[in-house]
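Student: This is the structure I want to talk about, given as structure tokens.
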Amino acid sequence: MQYSLRLVSQYWLALSLFLLAAIGILTLTPLDQLPPFPGSDKLHHLIAFAALTFPVAFRQPRYWWLVIFAYLAYSGGIELVQPYLNRYGEWADMLANSVGIASGILLAQLLRYYFPITLKSSEELKK
């Protein structure tokens, strides 16, 4: 667990940018119908935004309020654009995204408390 959390701490920015791009592509690609994935669409939204929020909230906990604002704006922007791309923008999706953001922050704070990580400098990591 410690090793995984250390990786998240080291690569939080790359991971966050990858997840931002993946969510953007998956939610804004025009579709005739939603693909048959197991589980609820709302659960997928919650998991995606929890995963997006977790690395930043874990690595940069003092900026959680900025993360909330930025990811809520991103989520809202997606929901506003979707109707123009043969997708459905829904308030329920926005709510699921918001719960996911809160869940990602809560999980990050709990793991920081129970598994404190001391980050090594880049010189120490090269050894």
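The values are calculated or read from the model by the stated rules, or taken from the named source; none is laboratory data. Note that the structure is predicted; figures quoted are calculated from it, not measured. Every residue, glycine as well, gets a Cβ built from its backbone with ideal geometry; the counts of neighbours run over all protein chains shown.
Student: Take the residues in segment 1-48 that are part of a loop (DSSP other than H, G, I, E, B) and polar (S, T, N, Q); name whichever of them is nearest to Gln82 (Cα to Cα). First the steps, then the outcome.
Tutor: In the first step, residues of segment 1-48 are kept if they are part of a loop (DSSP other than H, G, I, E, B); the result is 1, 11, 29-40.
Okay, now just the ones that are also polar (S, T, N, Q), so 29, 33, 40.
Values: Thr29: 9, Gln33: 13, Ser40: 18 Å.
Among those residues, the one meeting the criterion is Thr29.
Student: Something else: Within segment 32-53, can you find the residues that are over 19 Å from Met94 (Cβ atoms) and in contact (Cβ under 8 Å) with a residue 40 or more places away in the chain? Steps first, please.
Tutor: Step one: filter segment 32-53 for residues over 19 Å from Met94 (Cβ atoms), giving 32-33, 35-38.
Of everything in segment 32-53, just one residue is over 19 Å from Met94 (Cβ atoms) and in contact (Cβ under 8 Å) with a residue 40 or more places away in the chain, namely Asp32.
Student: A follow-up question, please. Go through the residues of segment 110-122 one by one and say whether even a single one is within 21 Å of Gln10 (Cα to Cα), modelled with pLDDT of 90 or more, over 14 Å from the mean Cα position of the chain (by Cα) and surrounded by fewer than 17 Cβ atoms within 10 Å (Cβ to Cβ). Show your work before the answer.
Tutor: Going through segment 110-122, the residues within 21 Å of Gln10 (Cα to Cα) turn out to be 110-122.
Next cut, modelled with pLDDT of 90 or more only: 110-111.
With over 14 Å from the mean Cα position of the chain (by Cα) added as a condition, the list becomes 110-111.
With surrounded by fewer than 17 Cβ atoms within 10 Å (Cβ to Cβ) added as a condition, the list becomes 110.
Yes, segment 110-122 has at least one match.
Student: Name the single residue that is farthest from Ile117 (Cα to Cα) among those in segment 39-58 being under 8 Å from the mean Cα position of the chain (by Cα) and of a type in the set (Phe, Trp, Tyr).
Tutor: Phe49
Student: Then there's this: Run down Gly100, Gly104 and say which single residue is assigned to a helix (DSSP H, G or I) and under 18 Å from Met1 (Cα atoms). Give the steps one after another, and end with the answer.
Tutor: Numbers: Gly100 fails: under 18 Å from Met1 (Cα atoms).
Going through Gly100, Gly104 in turn, just one is assigned to a helix (DSSP H, G or I) and under 18 Å from Met1 (Cα atoms): Gly104.
Student: Something else now. Do we have Phe54 as in contact with a Leu (Cβ under 7 Å, 6 or more places away or on another chain) and either within 22 Å of Leu17 (Cβ to Cβ) or surrounded by 14 or more Cβ atoms within 10 Å (Cβ to Cβ) (or both) here?
Tutor: Values: in contact with a Leu (Cβ under 7 Å, 6 or more places away or on another chain): yes; either within 22 Å of Leu17 (Cβ to Cβ) or surrounded by 14 or more Cβ atoms within 10 Å (Cβ to Cβ) (or both): yes.
The answer is yes for Phe54.
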